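This report refers to the structure that appears directly beneath it.
The values are calculated or read from the model by the stated rules, or taken from the named source; none is laboratory data. None of the values given here were measured: they were computed from a predicted structure. Cβ: placed from backbone, ideal geometry, glycine included. Neighbour counts: every protein chain shown. Each accessible area value is taken on the protein alone, full model and side chains, heavy atoms only, with ligands, DNA and RNA left out. Shrake-Rupley method; radii C 1.70, N 1.55, O 1.52, S 1.80 Å.
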Amino acid sequence: MTTLFLNARLIDPEAGTDAPGALLVAEGRIAGRFDDQSAEAICAAAGLTLSQIEVVDCGGKCLAPGIVDIGVKVCEPGERHKESYKSAGLAAAAGGVTTIVTRPDTSPAIDSPETLEFVTRRAQADAPVNVLPMAALTKGREGREMTEIGFLMDAGAVAFTDCDHVVGNTKVFSRALTYARSCGALVIAHPQEPGLSDGAAATSGKFAALRGLPAVSPMAERMGLDRDIALLEMTGAKYHADQITTARALPALERAKANGLDITAGTSIHHLTLNELDVADYRTFFKVKPPLRSEDDRLAVVEAVRTGLIDVISSMHTPQDEESKRLPFEEAAAGAVALETLLPAALRLYHAELLDLPCLFRAMALNPAKRLGLASGRLSVDAPADLVLFDPDAPFVLDRFKLQSKSKNTPFDTQRMQGRVLATYVAGRPVYRKDA
């Protein structure tokens, strides 16, 4: 099928532009990009007739590369009642996410080729979007013995991570980084000093003290990142920090990049749009890991995204059932669903004039695709036609019970949002249409 997206506002993160235009899509890829012209003129330029194409009038709304979301938890195997590949795929499509990069923190962990092949088959059968699995860096994510990285890469693993289980044994981590470098594998780590951060439910400061919550200093993130950077200097591995959330970690990240280390960093949409005060009266839907930070930290991280110091924005989608969340704040499970709320939450930064749309999609689509070696995340000719059509100004009140995810633990419930996905396309085929 050949499709012409006409009368669109093209958001191009590669060129850094936001301008009117049209896209021609054929055989799952972008076949042509045009200025804002008539359908007849574009067809003539492409050597086609109107009868040979399907015309999608975008009505002046935004057309951007589909979001590539690194760090999505799908609870198969083990906890399918929280999230399945089908429900996660539907949620991703409704949120404009065309590629989800899944975490291995399942039960059991994805630490063997057999387990990886199982989830790959399940994802291909059930999810309407692209699914790329990550595998555990150590067996059982226990930090004692590294997994068979080469075999797991052959089975389709795109990166290796123990998620929020920090590998505390420096010798084990250094050996894993060395072996990953020999295989060309990307290692994704959670920069925290595990002793300091153990059991923390909030960021240390006046608010946590007044609430009587166990807290962790922002320095725990800085200390964890410093250790990992030292190991990168020693091993030369490819490394991505999953979440940088504090101002104190940014100078170390900047120095590491200036020194030529193969390091990138991400942050979560919750740490960009919420702060520690949102916890208010122990609202457990706001309990995430690492805990929400101060407003000064939030603004520093937003600025780091704007300058490109932080490369990636992700949802860190972590489904938890009601029983896990309806507990005292200290005991409640950490995490929030965010596949459907990633884009409207990110648009808060756009409407606040902190980040423009090309910058947002650089961090949500282009940079994660580049880090994983994917051709998506772009609007260039011959790139995959993974696209999202959205209205950045459409207002709505979020109802968590209308989310596609099986779990409904979103901190944005009942909040006024601005920006809605109108349609999502994977390889040029519609996988979601609003009200369809």
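Where Lys and Arg each count +1 and Asp and Glu each count -1, what net charge lies around LYS408 among other residues with Cβ under 13 Å from its Cβ? Result for the neighbourhood of LYS408: -1. What separates the Cα centres of region 305-358 and region 125-146 is a distance of 21 Å.
Using the Cα gyration tensor of region 256-338, with a ≥ b ≥ c the square roots of its eigenvalues, what is the shape: rounded (a/c below 1.5), prolate (a/b larger than b/c) or oblate (neither)? Prolate, since a/c reaches 1.5 and a/b exceeds b/c. Relative contact order for region 75-186: 25 percent, from Cα pairs under 8 Å spaced at least 6 residues apart, divided by residue count. Using only alpha carbon pairs under 8 Å that are at least six residues apart, calculate the relative contact order of region 95-137 and give it in whole percent. In percent, rounded to a whole number, it is 58. Along the Cα-to-Cβ line of THR49, 7 Å from the Cα, sits a label point; which residues in region 1-35 have backbone N less than 18 Å from it? Answer for this model: 1-4.
Close lysine pairs were tallied over region 58-209: pairs 8 or more places apart or on different chains with Cα atoms under 22 Å apart number 4.
What list of ³J(HN,Hα) values in whole Hz, one per residue of region 186-200 in order, does the Karplus curve 6.51 cos²θ - 1.76 cosθ + 1.60 (θ = phi - 60°) give from phi, with Gly and Pro shown as x? So the Karplus estimates, Gly and Pro as x, are 8, 9, 10, 10, 10, x, 8, 7, x, x, 5, 8, 4, x, 6 Hz. Near ALA336, the amide H atoms lying under 5 Å from its own belong to THR318; only residues 5 or more places off or on other chains count, and H is placed 1.01 Å from N.
Entry comment: accessible area of region 126-248 is 41 Å² per residue, from protein heavy atoms only and a probe of 1.4 Å. The mean sequence distance of close C-alpha pairs (under 8 Å, at least 6 residues apart), as a share of the length of the chain, puts its relative contact order at 20 percent. Sorting 420-429, 338-347 by average packing, meaning the other beta carbons within 10 Å per residue, from highest down gives 338-347, 420-429. The stretch between ASP36 and MET234, if pulled fully straight at 0.36 nm per residue, gains 66.1 nm over its current Cα-Cα span. The phi-based Karplus calculation (6.51 cos²θ - 1.76 cosθ + 1.60; θ = phi - 60°) puts the 3J(HN,Hα) values of region 68-76 at 10, 9, 8, x, 8, 9, 10, 8, 10 Hz, whole numbers, x for Gly and Pro. Comparing LYS406, LYS289, LYS370 in a Gaussian network model of the chain where C-alpha atoms under 10 Å apart are linked, the largest mean-square fluctuation is found at LYS370. Give the distance, in whole Å, between the Cα centre of region 74-115 and the Cα centre of region 199-251. Centre-to-centre (Cα) distance: 26 Å. Given a 1.4 Å probe and the protein chains as shown, THR49 ends up with an accessible area of around 70 Å².
The listed peptides 38-45, 250-257, ordered by packing as a protection proxy, come out as 250-257, 38-45 (highest mean of other Cβ atoms within 10 Å first).
For the pair ARG175 and ARG121, a Förster radius of 30 Å applied to the C-beta separation gives a FRET efficiency near 0.45, rounded to the nearest 0.05.
Classify region 1-86 as rounded, prolate or oblate, taking a ≥ b ≥ c as the square roots of the eigenvalues of its Cα gyration tensor: rounded when a/c is under 1.5, otherwise prolate if a/b is larger than b/c and oblate if not. Prolate.
Near GLU353, once Lys and Arg are set to +1 and Asp and Glu to -1 for all other residues with Cβ below 15 Å from its Cβ, the sum equals -2.
In a shell of Cβ-Cβ distance under 13 Å around PRO392, excluding PRO392 itself, what net charge do Lys and Arg (+1) and Asp and Glu (-1) give? My count for the surroundings of PRO392 gives -1.
A full extension of the chain between GLU330 and ASP278 corresponds to an added length of 17.2 nm, given 0.36 nm per residue minus the alpha carbon distance. Within the accessible area of region 284-360, the carbon and sulfur atoms contribute 48%, probe 1.4 Å, all protein chains present.
Computed over protein heavy atoms with a 1.4 Å probe, the accessible surface of region 311-436 works out to 39 Å² per residue. In the chain, taking the dipole from charged Cβ atoms about the Cα centre, the farthest positive-side position among ILE70, ALA46, TYR350 is held by ILE70. Heavy-atom surface analysis with a 1.4 Å probe gives region 84-160 a carbon and sulfur content of 48 percent of its accessible area.
Placing +1 on the Cβ of every Lys and Arg and -1 on the Cβ of every Asp and Glu, with nothing else charged, gives the chain a dipole about its Cα centre of roughly 320 debye.
In terms of the Cα gyration tensor, with a ≥ b ≥ c the square roots of its eigenvalues, is region 71-203 rounded because a/c is under 1.5, prolate because a/b exceeds b/c, or oblate? Note, shape of region 71-203 comes out oblate.
When DSSP beta bridges are restricted to pairs lying wholly in the chain, around 50% turn out antiparallel.
Fully extending the segment from GLU114 to ASP382 would add 93.1 nm, taking 0.36 nm per residue of separation and subtracting the current Cα-Cα distance. Charge dipole (Cα centre; +1 on Lys/Arg Cβ, -1 on Asp/Glu Cβ; no other charges) of region 1-67 amounts to roughly 80 debye.
The distance separating the Cα centre of region 376-436 from that of region 1-69 comes to 19 Å.
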